[in-house]
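*Asks:* Please read through the structure below; I'll follow up with questions.
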Amino acid sequence: MNFSEFLHGVEIIAQSGNPSVTGLEYDSRRVKPGDAFIAMRGETSDGNKFIDKATTAGAVAVITDSASETPREGVAWVQVPNGRRALARLSANFYKRPAERLAITGITGTNGKSTTAFLLEAILSAAHRKSALIGTIEYHVAGKILPAPHTTPEALDLNRILAEALGNGATETVMEVSSHALTQQRVYGIPFDVAVFTNLTRDHLDYHHNMEEYFAAKQILFEGCGTDPPRAAVINAEDEYGQKLEKISKKRGSEVLTYGLNSGDLHADKVEITPRGTRFDLVTPEEIVPLFSPLIGRVNVYNILAAAGAAYARGCKLDAIANGIASLARVPGRFERVDCQQPFTVVVDYAHTDDALRNLTSLAREFVQRAKQKGRVITVFGCGGDRDRAKRPLMGEAAGRGSDFVVLTSDNPRGEDPLAIINDAMVGLQRSGVKYIVKPDRKTAIALAIREAAPGDIVLIAGKGHEKVQVTREGSMPFDDVEVAREILRDAGYHCEAANAAAGKTS
């Protein structure tokens with residue numbers, strides 16, 4: 001591809017040279033001879049500092065968002081006003097605009113994105129449509145499960161994934177779209193057919209500063225990011241921010257489909273939640289469909305409704321919606337049970353906001369009450385470092401009010417002192433009046449909670465969910481809550497292997 005073709009649609013301030021380009025990179029360490037290098041300012045670093053490293057590695061062209069950089073001899077040169085928008089356009093051009101040939105559903109919100117995405121993927125499969133999934137837990141592309149470095153990849157990686165999916169016969173893509181990705185324009189130029197909004201509660205305010213900025217980031221998905229607005233918007237009508245988005249989407253000309261537990265174009269009737277799953281009647285504009293999901297809890301009713309709404313907007317038949325929902329038995333790290341034939345329940349969940357902890361402990365309380373045993377809710381949780389400090393006491397209070405006993409520990413302290421983070425959260429725990437203990441070492445905390453559990457209790461290990469590492473000042477170290485809980489249960493004499501074998505026979 002010659003450089004001029006490569007630059008189609010890119011906003012350009014100045015340009016020189018027209019070499020043949022064989023690749024594109026934004027990381028100078030990955031540059032190969034014949035590549036174009038895009039040097040752009042990021043959140044924590046400036047790619048313009050690495051231009052000479054990229055040209056030494058063989059870059060034949062440089063695209064820069066810096067007015068102070070000067071062209072290098074023998075290298076094609078382009079100055080652009082916005083590096084991230086340029087990266088998005090260049091990436092789409094290099095991979096022959098795969099997004100324009102896929103029906104893409106974007107899902108945004110604070111909680112429920114991953115479960116909604118997994119549910120929608122299952123429905124599309126039941127409708128005999130081939131799809132890719134991009135999200136927080138993992139990426140599903142061309143029959144492969146790939147690790148997810150980001151909820152929403154950088155534009156270059158995103159277009160590469162979409163091109164691979166398209167090349168393997170995919171017609172649909174299900175994608176979680178984070179507020180960071182929207183403000184950083186990682187999805188600039190991606191035409192979303194359907195946009196889904198789950199909810200908005202306090203999170204990421206270390207980045208967005210306040211709820212208004214956070215909502216404004218989510219709003220970008222429904223207005224179009226360098227594209228027309230989505231054809232259809234599927235919105236939680238029972239969320240106050242969802243009600244604002246409904247008005248915005250209608251003004252923008254999107255077809256709006258609302259959902260809610262008790263109201264909306266799609267809503268639930270005759271909800272029955274048991275330890276084995278959730279059953280309810282899905283009320284749609286067409287007819288009423290009975291649904292069963294192995295996922296449990298009111299929060300998952302919302303997730304099911306969101307996924308059903310997105311599938312409905314994509315023209316899926318109601319029987320495919322019902323079959324797809326019934327087929328999804330679990331979502332990694334989302335109320336994931338660790339079964340070693342112990343007489344109490346152990347659950348790992350990603351809950352890492354005060355709202356998510358309220359939902360999780362409420363579900364746990366309902367779970368033990370329905371089992372008709374006087375079970376307690378025992379919660380292990382911590383707060384992330386280098387993140388919004390103001391939410392820590394709120395998380396402590398939410399965990400305390402929903403639990404009978406809390407073990408406060410560490411959860412990715414990153415560059416901060418774990419004890420300082422714990423002290424912030426302890427303020428809310430003390431406000432709740434719950435009995436608690438502090439154990440900064442996460443493995444010790446999980447072991448203590450499991451030892452504390454009696455028959456009929458439920459132990460919630462909250463915060464990390466699907467994550468496989470603990471991030472500290474010393475760097476990342478392997479840490480998987482599910483595996484750690486399983487190891488502790490095994491050491492206590494329970495039979496994890498037998499439980500897993502039994503589960504395999506019944507699944």
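The values are calculated or read from the model by the stated rules, or taken from the named source; none is laboratory data. Being a predicted model, the structure only gives us computed values, none of them experimental. Heads up, the Cβs are rebuilt from the backbone with ideal geometry, glycines too, and the neighbour counts pull from every protein chain shown. When the accessible area is computed, the model is the full protein with side chains, heavy atoms only, and any ligands, DNA or RNA have been set aside. Shrake-Rupley method; radii C 1.70, N 1.55, O 1.52, S 1.80 Å.
*Asks:* For residues in the stretch 484-499 being part of a helix (DSSP H, G or I) and surrounded by 14 or more Cβ atoms within 10 Å (Cβ to Cβ), which is modelled with the lowest pLDDT?
*Replies:* Restricting to residues being part of a helix (DSSP H, G or I) and surrounded by 14 or more Cβ atoms within 10 Å (Cβ to Cβ), the top hit is 499.
*Asks:* Further question: Specify which of the listed residues (64, 44) is out of contact with any Lys or Arg (no Cβ under 9 Å at 6 or more places or on another chain) and free of Cβ contacts under 8 Å to residues at least 12 places away in the same chain.
*Replies:* 44 is the lone residue from the list that is out of contact with any Lys or Arg (no Cβ under 9 Å at 6 or more places or on another chain) and free of Cβ contacts under 8 Å to residues at least 12 places away in the same chain.
*Asks:* Tally up the residues in the stretch 154-200 that are free of Cβ contacts under 8 Å to residues at least 60 places away in the same chain and touching a strand residue (DSSP E or B) at 6+ places or on another chain (Cβ under 7 Å), please.
*Replies:* Adding up the residues that qualify gives 2.
*Asks:* Can you tell me which of (1) surrounded by fewer than 20 Cβ atoms within 10 Å (Cβ to Cβ); (2) not in a helix (DSSP H, G or I) is the one residue 323 doesn't meet?
*Replies:* (2)
*Asks:* Let me ask you something else. Residues that are open to solvent by 40 Å² or more (accessible area, probe 1.4 Å): which strands (runs of 3 or more DSSP E) entirely in the stretch 119-163 hold 3 or more of them?
*Replies:* Filter on the stretch 119-163 gives 144-147.
*Asks:* Let me ask something else about it. Taking the stretch 274-313 only, how many residues are of a type in the set (Val, Ile, Thr), in contact with a strand residue (DSSP E or B) (Cβ under 8 Å, 6 or more places away or on another chain) and surrounded by fewer than 21 Cβ atoms within 10 Å (Cβ to Cβ)?
*Replies:* Of the residues in that region, 5 qualify.
*Asks:* Only one of (1) within 19 Å of residue 95 (Cβ to Cβ); (2) touching a residue at least 24 places away in the same chain (Cβ under 8 Å); (3) in contact with a Gly (Cβ under 8 Å, 6 or more places away or on another chain) is not met by residue 22, so which one is it?
*Replies:* Failing condition for residue 22: (2).
*Asks:* Within the stretch 277-294, identify whether any single residue is under 19 Å from the mean Cα position of the chain (by Cα) and either within 24 Å of residue 357 (Cβ to Cβ) or part of a loop (DSSP other than H, G, I, E, B) (or both), and answer yes or no.
*Replies:* no
Okay, residues lined up against (1) surrounded by fewer than 18 Cβ atoms within 10 Å (Cβ to Cβ); (2) in contact with a helix residue (DSSP H, G or I) (Cβ under 6 Å, 6 or more places away or on another chain):
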residue: 7; (1), (2): no, no
residue: 13; (1), (2): yes, no
residue: 24; (1), (2): no, yes
residue: 33; (1), (2): yes, no
residue: 39; (1), (2): no, yes
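*Asks:* Might you let me know whether the stretch 69-80 holds any residue that is in a loop (DSSP other than H, G, I, E, B) and touching a residue at least 60 places away in the same chain (Cβ under 8 Å)?
*Replies:* The answer is yes, given that some residue of the stretch 69-80 is in a loop (DSSP other than H, G, I, E, B) and touching a residue at least 60 places away in the same chain (Cβ under 8 Å).
Each row is one residue, and each column tells you yes or no for (1) touching a residue at least 24 places away in the same chain (Cβ under 8 Å); (2) under 28 Å from residue 233 (Cβ atoms).
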position	(1), (2)
283	no, yes
289	yes, yes
315	no, yes
336	yes, no
340	yes, no
348	yes, no
357	yes, no
364	yes, no
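*Asks:* A further question on this structure: Name the single residue, out of those in the stretch 177-199 being surrounded by fewer than 24 Cβ atoms within 10 Å (Cβ to Cβ) and not hydroxyl-bearing (Ser, Thr, Tyr), that is nearest to residue 245 (Cα to Cα).
*Replies:* For the stretch 177-199, the residue satisfying everything is 199.
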